[in-house]
Amino acid sequence: MWEKPSLGKRSFTVAADANRGFGEKDRATVTFGVEVLPATFVTSPSNKGFWGIPYTFDGQLVGLNPLDITVEIQRDGQSLGVKPVVPKVIVTPERGWNSLLFKIFYREAVIKEHRVSLSAPPPPQIRWVQQNLDRAKKVFMISVASADPTGGPVKMSIESQPPGIAQMDKIRGTAFTINVNLAGNPTAVFLKLTATDQYGGQSTSSKQFNIPR
């Protein structure tokens with residue numbers, strides 16, 4: 001057992017001798033190499049977190065029994081306690097916190113650290129993905145995507161000019177389809193979208209589409 005291994009390749013030689021009670025001792029040696037690699041997470045954790053949004057940390061390491069591993073959680077240098085790595089650790093950063101530090105202990109020795117920078121959560125971003133004109137059905141279809149900082153669903157609302165000409169397939173999700181009714185032969189449509197996430201973030205995006213003849 002190598003109590004305090006260091007990174008890199010090392011060579012070890014073990015020698016032994018035995019006396020059977022007559023003649024000279026039997027002697028033998030064996031040489032073997034060991035390569036110590038940096039500890040690696042089973043699942044790579046994010047290095048960014050946001051105030052008010054739970055941060056999940058999985059401290060399991062490749063090749064090690066998780067029952068032998070513990071993690072100390074620190075925020076801005078202040079310890080929040082020591083826990084086993086299983087189940088996953090969940091920390092909800094408070095406003096004003098700057099960073100989280102997770103120290104992984106194996107047999108009471110620190111073998112890996114992971115730092116997370118904290119900031120205010122960004123508002124959801126609205127992306128106009130694509131558009132498609134279906135003349136046979138007199139519908140102009142627009143695909144839109146949006147998500148909260150963790151990739152979760154948002155609540156979407158829509159305003160249009162002319163009023164009432166556009167409808168959305170749903171009000172909550174991460175991908176949306178807008179159907180513009182062309183029965184009145186509009187030459188253009190103006191759309192304004194508002195996305196609101198579960199953490200209070202909100203953003204708007206507007207765009208005008210010219211309807212091809």
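Taken together, the values in this text are just the output of simple stated rules run on the coordinates, not laboratory data. The structure displayed is predicted, hence computed values, not measured ones. No Cβ is skipped: glycine too gets one built from the backbone with ideal geometry, and neighbour counts run over all protein chains shown.
Between Arg127 and Phe41, what FRET efficiency comes out of the Förster formula 1/(1 + (r/R0)^6) with R0 = 25 Å and r the beta carbon distance, rounded to 0.05? Computed FRET efficiency for Phe41 and Arg127 comes out at 0.25. Sorting 57-65, 91-99 by average packing, meaning the other beta carbons within 10 Å per residue, from highest down gives 57-65, 91-99. Among 34-41, 133-140, the peptide with the highest mean count of other Cβ atoms within 10 Å heads the list, and the full ranking is 133-140, 34-41. Can you tell me how segment 80-131 classifies by the Cα gyration tensor, rounded, prolate or oblate, using a/c under 1.5 as the rounded cut? Here segment 80-131 falls in the prolate category.
Taking R0 as 45 Å, what FRET efficiency do you get between Thr13 and Ser99 from their Cβ-Cβ distance, rounded to the nearest 0.05? Don't skip to the answer; put the middle values down first.
Values: r = 45 Å, r/R0 = 1.00.
The value I calculate is 0.50.
Between the listed residues Val14, Phe32, Gly49, the Cα displaced farthest toward the positive end of the dipole of segment 1-50, a dipole computed from Cβ unit charges relative to the Cα centre, is found at Gly49.
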